[in-house]
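The values are calculated or read from the model by the stated rules, or taken from the named source; none is laboratory data. Please read these numbers as outputs of a predicted model, since none were measured by experiment. Please note: Cβ atoms are built from the backbone with ideal geometry, for glycine as well, and neighbour counts cover all protein chains shown.
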Amino acid sequence: MLEISNLHVIFNKGTVNEKHALKGVDLKLEEGDFVTVIGGNGAGKSTLLNSIAGTFPVESGSIVLDGVELTKMPDYKRAKYVSRVFQDPLIGTAGNMSIEENLALAARRGKRRTLRWYTNNEERAKFKELLAEFDLGLEDRMMQKVGTLSGGQRQAITLLMASLASPKLLLLDEHTAALDPKTAKKVLALTEKIAKDNNLTVLMITHNMSDAIKYGNKLIMMNEGKIAFSCEGEEKVDLTIPFLMEKFEKTVGEALGGDKLLLG
Amino acid sequence: MFQGLINALPGGISQGLMWAILALGVYVTYKILDFADLTVDGSLATGGCVAIVLTAAKVHPILAIIVAFFAGALAGIITALLNTKLKIPAILSGILTMSALFSINKIILGKRANVSASPKLTIIGRLANLFGMSSSGLDRNILTIGLCVILLAGIIAFLYWFFGTEWGSSIRATGNNQTMATAQGINTDRAKIIALAMSNGLAALSGAVISQYQFSGDVNMASGTIVIGLASVVIGQLVVGERGSFWVRLVGVVLGSLIYRLIFALAVQIGLDPDNLKLISSIIIVIALCIPTIKQKFFSNHKVGGEKNNA
């Protein structure tokens, strides 16, 4: 359903700061795939997700989602097909607007916006129901400004927003990295549930190897703007942290150090 | 001095209410869209010039005011296009349009320094005629206050409705968090174009009413507009606070504009040189803007969040 072929991204082309961030990425995903993406800093993980979302133009190659050519489509139009959750919990929501307003904005993603009131009672009831499933007590605080919530709560709301308006693809860019371990675990469980309930195809970047192994049915490892290693199915199930570490050391040519990849 | 202030009151209230229309426009860009738009320094005069030239040419003043609104909206659209399509920074986009408008306003006036219309042709004159009142002195101020109250009530009702719709909600999201807005499929360029058109339309409307009140318009009538607008917005915010309902905050902007004029009248009464008034305006804004920061620093343990706290 997602078909990326020979994707190149070059930043600051023709300047001393030129960076060839993606060097011919090929990626094919099936509907319902949950792919975890790992790799060191500067490997091109976020660049890959951002080029699918349309944050910047790509140099060459193509991105096709369910037969729709996305390569040159402006980012706000791609939002109809692609939803996202960012690393920073502040980015995914509008802090000065209420929970209800944020959800209503997301529910209209990819639809024609009109001069009708921003939401209606039927929709409010649906939002309440969906929030209640999260078990965070947010269903009774619909009019509260999102800016008053904790990072974990905001991320949960962003996740719910990303699942509204039936997108085809969900992009998660280290969406639990800024949360404490307990909240991160909760948000990841929510992620899995939402992906399953809505039959979403998911690309999830993570710095946490055990999460990369635990979640999803496919895994890709990126290095220097290319996919260095990928596996799926049985092979993915049998992955171990030591194996991944060895693989990583071999492809990157250096030992894992510092905070490049957390073992969790 | 006290008597002098009382005498200055009707004129001050008229001024406060006429400029409150502008202040509501500034609120749309500065607080809702988070866009420091300097275009109003030109578009208010554009509104004034268009309205007075048409009125002098015997066009019905209501039609003249409506045309003035759209002329201002057009100026706002140009600033928005400079910013969104040509990627010129917001402040510079506003300055460029504002500066260009200075020449355009002169062309509208037919190269004359100012244009006057016979009082009986203006909206004030026509209202005076309708109610059997005079178009000068206290009557003129009473008519202006009445006209402005009706206009302001209509504008506040419109803004309250509009920013509650799907469109309005998209514009608020664009001002609050552009990345989020884009991720939710909002065309942020279009949101900016609509908000700037609305804001500058209101600035021009304000200028049009001012020119009807003065029975004349000139290219300099808008100099310092942005400072007056901002002062009204920040004073209004101090008066009604940030937490109130949206319409309360809009009414606060009108109160801010009135209070600003009162401070102004007081300053003149205690014998301050009118030439120093712009200095005073800037000082009022600085004080009004820094009060929340000072409060935060000395009276609370809360840390200022990393996020913008507008609207």
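Inspect segment B:125-138 for any residue being of a type in the set (Ser, Thr, Tyr), touching a Gly at 6+ places or on another chain (Cβ under 7 Å) and without any contact (Cβ under 8 Å) to a residue 40 or more places away in the chain and give the result as yes or no.
Within segment B:125-138, one or more residues are of a type in the set (Ser, Thr, Tyr), touching a Gly at 6+ places or on another chain (Cβ under 7 Å) and without any contact (Cβ under 8 Å) to a residue 40 or more places away in the chain.
For segment B:161-185, which positions are within 20 Å of the chain's Cα centre (by Cα), crowded, with 16+ Cβ neighbours inside 10 Å and outside any loop (DSSP other than H, G, I, E, B)?
B:Phe162, B:Gly168, B:Ile171, B:Arg172, B:Gly175
From the set of residues in segment A:127-155 that are in a helix (DSSP H, G or I) and among the polar types (S, T, N, Q), which is surrounded by the most Cβ atoms within 10 Å (Cβ to Cβ)?
Result: A:Gln155.
Please determine whether any residue of segment A:90-102 is at pLDDT 95 or above, part of a helix (DSSP H, G or I), buried (at least 21 other Cβ atoms within 10 Å of the Cβ) and facing chain B (nearest Cβ under 9 Å).
yes
Go through A:Ile220, A:Ile213 for me and flag whichever is in a strand (DSSP E or B), within 20 Å of A:Asp33 (Cβ to Cβ) and of a type in the set (Val, Ile, Thr).
After ruling out the rest, the residue left standing is A:Ile220.
Mind telling me which of the residues A:Lys236, A:Lys250 ends up being more than 16 Å from the chain's Cα centre (by Cα) and in contact (Cβ under 8 Å) with a residue 12 or more places away in the chain?
A:Lys236
If you check A:Thr158, A:Thr114, A:Thr183, A:Thr191, which single one turns out to be β-branched (Val, Ile, Thr), surrounded by fewer than 22 Cβ atoms within 10 Å (Cβ to Cβ) and in a helix (DSSP H, G or I)?
Result of the check over A:Thr158, A:Thr114, A:Thr183, A:Thr191: A:Thr183.
State which residue is nearest to B:Thr225 (Cα to Cα) when the search covers only segment B:89-103 and only residues that are of a type outside the set (Gly, Ala, Ser) and in contact (Cβ under 8 Å) with a residue 12 or more places away in the chain.
B:Met98
Tell me whether segment A:8-19 contains one or more residues that are surrounded by fewer than 18 Cβ atoms within 10 Å (Cβ to Cβ) and hydroxyl-bearing (Ser, Thr, Tyr).
Going residue by residue through segment A:8-19, those that are surrounded by fewer than 18 Cβ atoms within 10 Å (Cβ to Cβ) are A:8, A:10-19.
Within this subset, residues satisfying the condition of being hydroxyl-bearing (Ser, Thr, Tyr) are A:15.
Checking segment A:8-19: at least one residue is surrounded by fewer than 18 Cβ atoms within 10 Å (Cβ to Cβ) and hydroxyl-bearing (Ser, Thr, Tyr).
Rundown of residues vs (1) aromatic (Phe, Trp, Tyr); (2) touching a helix residue (DSSP H, G or I) at 6+ places or on another chain (Cβ under 7 Å); (3) at pLDDT 95 or above; (4) closer than 16 Å to B:Ile283 by Cβ, yes/no style:
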site	(1), (2), (3), (4)
B:Tyr213	yes, yes, yes, no
B:Asp218	no, no, no, no
B:Ala222	no, yes, no, no
B:Thr225	no, yes, no, no
B:Val234	no, yes, no, yes
B:Leu258	no, yes, yes, no
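Check whether at least one residue in segment B:92-105 is within 12 Å of chain A (Cβ to nearest Cβ), more than 25 Å from B:Ile52 (Cα to Cα), crowded, with 16+ Cβ neighbours inside 10 Å and of a type in the set (S, T, N, Q), and report yes or no.
No, segment B:92-105 contains no residue that is within 12 Å of chain A (Cβ to nearest Cβ), more than 25 Å from B:Ile52 (Cα to Cα), crowded, with 16+ Cβ neighbours inside 10 Å and of a type in the set (S, T, N, Q).
Across segment A:35-89, which residue is farthest from A:Thr240 (Cα to Cα) among those that are in contact with a strand residue (DSSP E or B) (Cβ under 7 Å, 6 or more places away or on another chain), part of a loop (DSSP other than H, G, I, E, B) and at the interface with chain B (Cβ under 10 Å from one of its Cβ atoms)?
For segment A:35-89, the residue satisfying everything is A:Tyr81.
Check segment B:122-145 and report whether any residue there is surrounded by fewer than 20 Cβ atoms within 10 Å (Cβ to Cβ), at pLDDT 95 or above, touching a helix residue (DSSP H, G or I) at 6+ places or on another chain (Cβ under 9 Å) and within 14 Å of another protein chain (Cβ to nearest Cβ).
The answer is no; no qualifying residue exists.
When you go through (1) away from chain A (no Cβ under 14 Å); (2) out of contact with any strand residue (DSSP E or B) (no Cβ under 8 Å at 6 or more places or on another chain) one by one for B:Phe158, which number turns out not to apply?
(1)
Would you point out which residue out of A:Thr183, A:Thr158, A:Thr176, A:Thr148 is of a type in the set (S, T, N, Q) and in contact with a Leu (Cβ under 9 Å, 6 or more places away or on another chain)?
A:Thr176
Checking the condition of a type in the set (Lys, Arg), in contact with a strand residue (DSSP E or B) (Cβ under 8 Å, 6 or more places away or on another chain) and within 21 Å of A:Val202 (Cβ to Cβ), which residue from A:Lys28, A:Lys19 passes?
Numbers: A:Lys19 fails: within 21 Å of A:Val202 (Cβ to Cβ).
Every option except A:Lys28 fails the conditions.
May I ask you to list the residues in segment B:167-187 that are more than 7 Å from chain A (Cβ to nearest Cβ) and touching a Ser or Thr at 6+ places or on another chain (Cβ under 8 Å)?
Filtering segment B:167-187 for residues more than 7 Å from chain A (Cβ to nearest Cβ) gives B:168, B:171, B:174-175, B:178, B:181.
Of everything in segment B:167-187, those that are more than 7 Å from chain A (Cβ to nearest Cβ) and touching a Ser or Thr at 6+ places or on another chain (Cβ under 8 Å) turn out to be B:Thr174, B:Gln178, B:Ala181.
Please pick out the residue among B:Gly244, B:Gly164 that is in contact with a helix residue (DSSP H, G or I) (Cβ under 9 Å, 6 or more places away or on another chain), under 23 Å from B:Leu151 (Cβ atoms) and at pLDDT 90 or above.
Being in contact with a helix residue (DSSP H, G or I) (Cβ under 9 Å, 6 or more places away or on another chain), under 23 Å from B:Leu151 (Cβ atoms) and at pLDDT 90 or above holds for just one of B:Gly244, B:Gly164, which is B:Gly164.
On the given criteria, is B:Thr79 over 20 Å from B:Asp218 (Cα atoms) and crowded, with 16+ Cβ neighbours inside 10 Å?
yes
Filter segment B:231-275 down to the residues that are farther than 23 Å from B:Pro10 by Cα and part of a helix (DSSP H, G or I) and list them by number.
B:Val234, B:Gln237, B:Leu238, B:Val240, B:Phe246, B:Trp247, B:Val248, B:Arg249
So which helices (runs of 4 or more DSSP H) are wholly in segment B:34-150 and hold at least 3 residues that are closer than 28 Å to B:Ile13 by Cβ?
Hits in segment B:34-150: B:40-56, B:61-84, B:123-131.
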